[in-house]
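Report on one structure; see the data block that follows.
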Amino acid sequence: MTIDPLALMTDVDQATETLLRTAGSLDDSVLGEPSALPGWTVGHVLTHLARNAEAYTNLLTWARTGVETPAYASPEARNAAIEAGAGRPLDEQIADLRAAHERFADAAAAMPAEAWTFRYPSIVPSAAAVPWARLREVEVHHVDLGRGYSPADWSDAFALRLLREIAGDLPGSAPAMVLHPAGVDHPLHVGTPSDTTPVIGGPTRSIAAWLAGRADGADLTVSPDGELPRPARWK
């Protein structure tokens, strides 16, 4: 799915403001509580979202200047930064997240048209894919905070794009299935279908959240009757 990256930045701005409102409704005592991500507290998730914005700013800088600027210095540095920032007071977390987003938005606004075609050796395929990657991080990890924001709050457009991305990127070992979101004319096929391949139906948001490991699929249907397949692990 091709979308103008600058147009998508409007969605990133809106998603970030919604995230900041959620963060602003919390208090310091919540930061050390478990998030929906195993092993991470609410503070870990917020810090990760700030550092991820910086990582994608680095990638846009690389595309614009041609000077190699990796997202993170190393996986170890990424993890250390998240650990170091997770226990900070809420006001500091919010200010950090807002400032990191503003730097990312400025980096996107500074991109000349030709720089969006820049291709990276890893992480994301091209600079044009970075705004979507950031939107995905904000929306999915907002759910991971476990503080009132759920996949039901995702927009139809975001949920459908996420669903298509996950369905198209599952490993060959994933169970075969047909995904038929309500209101979508063309179902999505995972694996090689057969006469016994289960058809999974339900709201687009629910199917996307289930495949992303952010919902249990309780509101989905399976035809013929049976249990939901176990989806392959998604990042």
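The values are calculated or read from the model by the stated rules, or taken from the named source; none is laboratory data. Every value quoted in this text rests on a predicted model; they were computed, and no experiment measured them. Because the Cβ atoms are built from the backbone with ideal geometry, glycine has one as well, and the counts that use them run over all protein chains shown. SASA here: full protein model, heavy atoms, side chains in, ligands and nucleic acids out. Shrake-Rupley method; radii C 1.70, N 1.55, O 1.52, S 1.80 Å.
Out of everything in segment 114-149 that is free of Cβ contacts under 8 Å to residues at least 60 places away in the same chain and in a loop (DSSP other than H, G, I, E, B), what residue ends up being farthest from Val45 (Cα to Cα)? That would be Phe118.
Here is a yes/no grid of residues against (1) charged (D, E, K, R); (2) within 30 Å of Asp216 (Cα to Cα):
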| residue | (1), (2) |
| --- | --- |
| Glu33 | yes, yes |
| Val45 | no, yes |
| Leu49 | no, yes |
| Pro70 | no, no |
| Ile82 | no, yes |
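Does segment 36-55 contain any residue that is more than 21 Å from Arg103 (Cβ to Cβ) and either loosely packed, with under 15 Cβ neighbours inside 10 Å or in contact with a Phe, Trp or Tyr (Cβ under 8 Å, 6 or more places away or on another chain) (or both)? Taking every residue of segment 36-55 in turn, at least one turns out to be more than 21 Å from Arg103 (Cβ to Cβ) and either loosely packed, with under 15 Cβ neighbours inside 10 Å or in contact with a Phe, Trp or Tyr (Cβ under 8 Å, 6 or more places away or on another chain) (or both).
Go through (1) in a helix (DSSP H, G or I); (2) farther than 29 Å from Arg147 by Cα one by one and return the number of the condition His180 breaks. Unmet condition: (1). Among the residues of segment 145-166, those identified as surrounded by 19 or more Cβ atoms within 10 Å (Cβ to Cβ) and of a type outside the set (Gly, Ala, Ser) are Leu145, Pro151, Trp154, Phe158, Leu160, Arg161, Leu162, Leu163, Ile166.
Report yes if Pro203 is over 23 Å from Leu37 (Cβ atoms) and touching a Leu at 6+ places or on another chain (Cβ under 7 Å), otherwise no.
no
Residues of segment 197-235 that are assigned to a loop (DSSP other than H, G, I, E, B), open to solvent by 70 Å² or more (accessible area, probe 1.4 Å) and free of Cβ contacts under 8 Å to residues at least 24 places away in the same chain: Asp216, Ala218, Asp219, Asp225, Glu227, Arg233, Lys235. Of the residues in segment 103-112, at least one is closer than 19 Å to Ser126 by Cα and open to solvent by 60 Å² or more (accessible area, probe 1.4 Å). Of all residue pairs spaced 6 or more apart or on separate chains, those with beta-carbon atoms under 8 Å, a first member in segment 167-189 that is surrounded by 15 or more Cβ atoms within 10 Å (Cβ to Cβ) and a second member that is among the basic types (Lys, Arg) are Leu188/Arg164. Going residue by residue through segment 44-65, is there one that turns out to be at pLDDT below 95 and more than 21 Å from Thr18 (Cα to Cα)? No - not one qualifying residue is present in segment 44-65. If only residues of segment 1-28 that are open to solvent by less than 80 Å² (accessible area, probe 1.4 Å) and free of Cβ contacts under 8 Å to residues at least 24 places away in the same chain are counted, the one that is farthest from Ala115 (Cα to Cα) is Glu17. Candidates in segment 67-102 are the residues that are within 17 Å of Ser122 (Cβ to Cβ) and of a type in the set (Gly, Ala, Ser); of these, the one that is surrounded by the fewest Cβ atoms within 10 Å (Cβ to Cβ) is Ser74.
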